[in-house]
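A short reminder: the numbers here are calculations on the coordinates, not readings from a lab. Remember, it's a predicted structure, so these values are computed and weren't measured experimentally. Note that each Cβ is placed from the backbone with ideal geometry, even for glycine, and that neighbours are counted across all protein chains shown.
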Amino acid sequence: MSSNAALQARVDVHTPGHTYPIHIGVGLLGAPATWAGLRPGGRVVVVTNDTVAPLYAAPVMGALQASGQKVSLVALPDGEAHKDWGTLQRIFDHLLAQGADRRTVLVALGGGVVGDMTGFAAACYMRGVDFIQVPTTLLSQVDSSVGGKTGINHPLGKNMIGAFHQPLQVVCDLDALRTLPARELSAGLAEVIKYGPIADAAFLGWIEAHLAELRRADTAALVHAVRRSCEIKAEVVGQDEKESGLRAILNFGHTFGHAIEAGMGYGEWLHGEAVGCGMVLAADLSCELGLVPASFVSRLKGLIEAAGLPVKPPIWPVAQWMSLMRVDKKAQDGEIRFVVIEAVGRAAVRPVDDALVARVLRRHGATD
């Protein structure tokens, strides 16, 4: 096996109505073979942002044109703050101006914001067109690009408006991570770390042993981390495509994390930073419930901090925390439900008494 072949992997996602591949490797964006499955002479709209476009739009569009596609580009403003109706309309404006029809394919070239918005636009345009995920951040490669969750934010809640719409394929080119700022790489590591506590204790140990390689974007380490993360997510999504039960475990740390994002203002903390800090709180909540020992909380907190992520939440009143967390997709009848760790490698979703949650929040600085 050549060294380049060793740096390639494929994970298949099987849902009740659709099966698609996740391609992981190097040199994928500009390779015509990546786009060989598209209909010859078809129309492709590449949706990206103004940060990613100068870096990767040219090789993607060139490869698409070489495979016979009619290609156009729409570049959105960068950042979580723009994941809203106004920016979504820019995609629809472009599609209508270009005369896009039901056979048009959208390509989401960027991080999680671009992927979520492009997928939502694809789900809505003419009641559904195909799209391809081309994630260019670690966070989007291991999480948001896989599983078909699409959407936009509302000022009162993150990702509360959207649809389930599975992509044709996911293309994870690890070369794109070479231009990722260290802060963005750390944010992606939060979602990698997440998979250990919820599903694979051995993977958690592997991350601890290889954190230095991951933080310096070592390609071989990233291949393993992205592949294993995608395998776990694909297995969960295959069992629960529309988050009616098991899939909610993928939101470990997210109830606290989404509250941080909404409360601070979208974009102030990166999503992965909020999730990393949220996992510390969720682990402590699991300990408070008597499910895991305090040593596990310390272990996870140490790993998250070593990954370059914040572990101290904003200092807010308990009432503010609780209000923000009630705007959560896992909430039922106003009752907040949390992903908790029952044992390292096994998670569950549970309602938790407000008083117990408040006790944990106060331990981390919340005020009365």
query = Under a point-charge model restricted to the Cβ atoms of Lys and Arg (+1) and Asp and Glu (-1), what is the dipole moment magnitude of region 3-179 relative to its Cα centre, in debye to the nearest 20?
reply = 420 debye
query = For region 100-231, how big is the tail of P(r) above 21 Å, as a whole percent of Cα pairs?
reply = 43 percent
request  = Would you mind checking the tilt of helix 219-239 against the longest principal axis of the Cα atoms of the chain, expressed as 0 to 90 degrees and rounded to 10?
outcome  = 80 degrees
key: Listed residue (111, 140, 47) projecting farthest to the positive dipole end of region 3-179, Cβ model   = 47
task = For region 1-105, compute Rh as the Kirkwood radius over C-alpha pairs and then the Stokes-Einstein diffusion coefficient at 10 °C and 1.306 mPa s; write the answer in µm²/s, rounded to an integer.
result = 101 µm²/s
key: Gyration tensor (alpha-carbon) shape descriptor, region 228-303, a/c threshold 1.5   = oblate
remark   = With Cα coordinates, the longest principal axis of the chain makes an angle with the long axis of helix 271-288, in degrees rounded to 10, of 30 degrees
task = Using DSSP to define loop residues, name the GluC sites (Glu not before Pro) in region 187-277 whose beta-carbon has at most 16 other beta-carbon atoms within 10 Å.
result = 268
key: Principal-axis tilt of helix 294-306 within the chain, Cα atoms, nearest 10 degrees   = 40 degrees
ask   = Given only helices, namely DSSP H runs of n ≥ 4 each adding -39500 (n - 2.57), what is the per-residue ellipticity at 222 nm of the chain, to the nearest 500 deg cm²/dmol?
value = -13000 deg cm²/dmol
request  = Return the loop-located trypsin sites (Lys or Arg not before Pro) in region 241-303 (DSSP other than H, G, I, E, B) with at most 16 other Cβ atoms within 10 Å of their own Cβ; answer none if there are none.
outcome  = 242
task = Using only alpha carbon positions, build the gyration tensor of the chain, then give the equivalent ellipsoid semi-axes as the square roots of 5 times its eigenvalues, largest first, whole angstrom.
result = 34, 23, 18
ask   = Is region 3-179 rounded, prolate or oblate when judged by the Cα gyration tensor, a ≥ b ≥ c being the square roots of its eigenvalues, rounded requiring a/c under 1.5 and prolate requiring a/b larger than b/c?
value = rounded
For region 182-363, average projected area of the Cα convex hull in nm² = 9.6 nm²
